[in-house]
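Following: one structure in structure tokens, then a few remarks.
A short reminder: the numbers here are calculations on the coordinates, not readings from a lab. Just so you know, these numbers come straight off a predicted model, no measurement behind them. Don't worry about glycine lacking a Cβ; one is built from the backbone with ideal geometry, like all the others, and counts go over all protein chains shown.
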Amino acid sequence: MQITIKPSDHAFPCDADETVLQAAMRADLMIPYGCRNGACGTCKGKIIDGDVDYGAYQRSTLSDDEKRQGLALFCCAKPLTELVIEVREVRRAGDIQIRRLPCRIESIDKPTFDVAIVKIKLPANERLQFLAGQYIDFLLKDGKRRSFSLATPPHADELLELHIRHVPGGLFSDALFTQYKGREILRFEGPLGTFYLREESDKPIIFVAGGTGFAPIKGIILHALHHDIQLTRPMVLYWGVRSKQDLYLPDLPKRWQSENPGPFTYIPVLSEPKPEDAWPGRIGFVHQAVLSDFSDLSGYNVYACGGPAMIDAAKRDFTTLRGLPPDAFFADSFTYAAESEARTT
Ligand SMILES: Cc1cc2nc3c(=O)[nH]c(=O)nc-3n(C[C@H](O)[C@H](O)[C@H](O)COP(=O)(O)OP(=O)(O)OC[C@H]3O[C@@H](n4cnc5c(N)ncnc54)[C@H](O)[C@@H]3O)c2cc1C
Ligand code: FES
């Protein structure tokens with residue numbers, strides 16, 4: 001079956017039982033995706049002509065109304081006929097191959113009680129090619145996967161760094177916090193995702209991190225500072241957490257602000273500061289801090305990463321209340337695998 005993407009007119013074949021996204025990736029064409037399991041909505045696009053089997057997805061991600069308007073989630077949809085679809089192509093996947101590799105945990109540091117900074121090492125002579133901001137999936141038993149964002153930029157890829165929050169009772173993070181001591185061997189697939197800096201744009205950038213959503217943003221900012229991108233594109237980072245101890249790398253963004261030429265501003269925001277924090281700074285939800293500081297976002301690019309509630313609220317409010325073009329909002333939403341395992345068709 002042939003699929004044609006508008007407006008580029010790129011066409012590619014799709015095998016029986018392949019999703020539109022799988023076929024596009026096989027043809028070296030990258031359409032946006034995040035979770036690849038019908039939970040985040042990143043791959044949503046329009047079917048201009050033809051029919052699909054919508055596959056297994058979460059109803060909250062694609063409503064019946066949206067289906068009537070011709071929208072589909074291309075990570076789940078399989079063509080039933082030849083298709084013409086409309087979707088934003090982000091880039092050609094080019095030479096970035098998605099690979100399965102073993103890795104060894106080199107170190108586990110716990111800067112606060114519920115966040116671990118984990119460094120992993122690939123086999124000798126192996127490097128992972130990736131774009132700053134992408135993530136990897138650990139491949140666990142029984143086909144389960146857990147996604148974690150890369151906090152290191154590609155130019156410093158000797159060890160790959162991950163920031164993992166402890167979800168009590170969580171399959172992977174509980175084992176990490178209670179059993180792992182370092183030197184464990186794991187397998188992963190990567191690089192994945194389309195959360196990376198669009199360098200063709202010259203717009204100023206607002207980064208919005210929620211909790212460990214700081215991880216991929218750290219990777220992107222280190223990449224940007226390494227290439228002096230802030231000299232032409234002013235950057236501001238909002239990092240939202242509950243209380244002061246949750247800012248688990250408190251000095252790093254301060255250093256970015258003080259040590260770099262060119263405009264880089266760091267604004268930490270606490271939603272529930274403790275009395276002992278004696279917090280002199282911003283208080284509230286992180287996306288609301290952005291709303292208070294910017295009356296017009298039409299000339300910006302926003303890169304947001306964190307929990308689904310924050311990402312959904314930021315996307316909705318920035319686009320509807322502040323004029324941010326929807327295609328200037330880039331995000332990775334930390335949806336939970338357990339949630340999507342219970343998805344409906
Ligand atoms: C693209 C992507 C990138 C991600 N990157 C990161 C990252 O860099 N750092 C990071 O810490 N996490 C990240 N996540 C989330 C991560 O993949 C796991 O979902 C998380 O670590 C929980 O996995 P677990 O196996 O410990 O818990 P599970 O076994 O998946 O969950 C156990 C129970 O807790 C619930 N639950 C799971 N997560 C949460 C939560 N956060 N809050 C409340 N309840 C929850 C589940 O619904 C379930 O009932 C990312 C997710 C995605 C999709
Ligand atoms: S990538 Fe399709 S819904 Fe997340």
Could you check which residue among Gln179, Gln230, Gln257 shows the biggest mean-square fluctuation in a GNM of the chain with a 10 Å Cα cutoff? Gln179
Two-decimal Rg/Rh across the range 75-229, once Rg and the Kirkwood Rh are taken from alpha-carbon atoms: 1.00
For the chain, what is Rg from Cα atoms divided by 2.2 N^0.38 Å, rounded to two decimals? 0.99
Of Gly190, Gly50, Pro123, which is farthest along the charge dipole of the chain in the positive direction, counting Lys and Arg as +1 and Asp and Glu as -1 at C-beta? Pro123
Between Ala309, Ala77, Ala328, where does the largest GNM mean-square fluctuation fall for the chain, given springs only between Cα atoms within less than 10 Å? Ala309
Short version: what are the Cα gyration tensor semi-axes of the range 205-337, square root of 5 times each eigenvalue, largest first, in whole Å? 21, 19, 14
Normalised radius of gyration for the range 2-92, please: alpha carbon Rg relative to 2.2 N^0.38 Å, two decimal places. 0.95
Quick check: residue separation of Tyr336 and Gln129 times 0.36 nm, minus the Cα distance between them. What number comes out in nm? 72.0 nm
Report Rg(Cα)/(2.2 N^0.38 Å) for the range 1-156, keeping two decimals. 1.20
Beyond 15 Å, what percent of the Cα pairs of the range 272-325 remain? 51
Rank Ala23, Ser295, Tyr180 by how far each Cα sits towards the positive end of the charge dipole of the chain (+1 on Lys, Arg Cβ; -1 on Asp, Glu Cβ) and give me just the farthest. Tyr180
Taking the chain and dividing mean pair separation by its residue count, relative contact order in percent (alpha carbons under 8 Å, at least six apart): 15
Between Ala304 and residues 5 or more places away or on another chain, the pairs with built amide H atoms under 5 Å apart involve Val208, Phe330, Ala331, Asp332
Can you classify the range 143-267 as rounded, prolate or oblate using the Cα gyration tensor, where a ≥ b ≥ c are the square roots of its eigenvalues, rounded means a/c under 1.5, and otherwise it's prolate if a/b beats b/c and oblate if not? prolate
Alpha carbon convex hull of the range 118-206, projected area averaged over orientations, nm²: 7.4
When the helix-only estimate is applied to the chain (DSSP H runs of n ≥ 4, each -39,500 (n - 2.57), divided by the residue count), what is the mean residue ellipticity at 222 nm, nearest 500 deg cm²/dmol? -5500 deg cm²/dmol
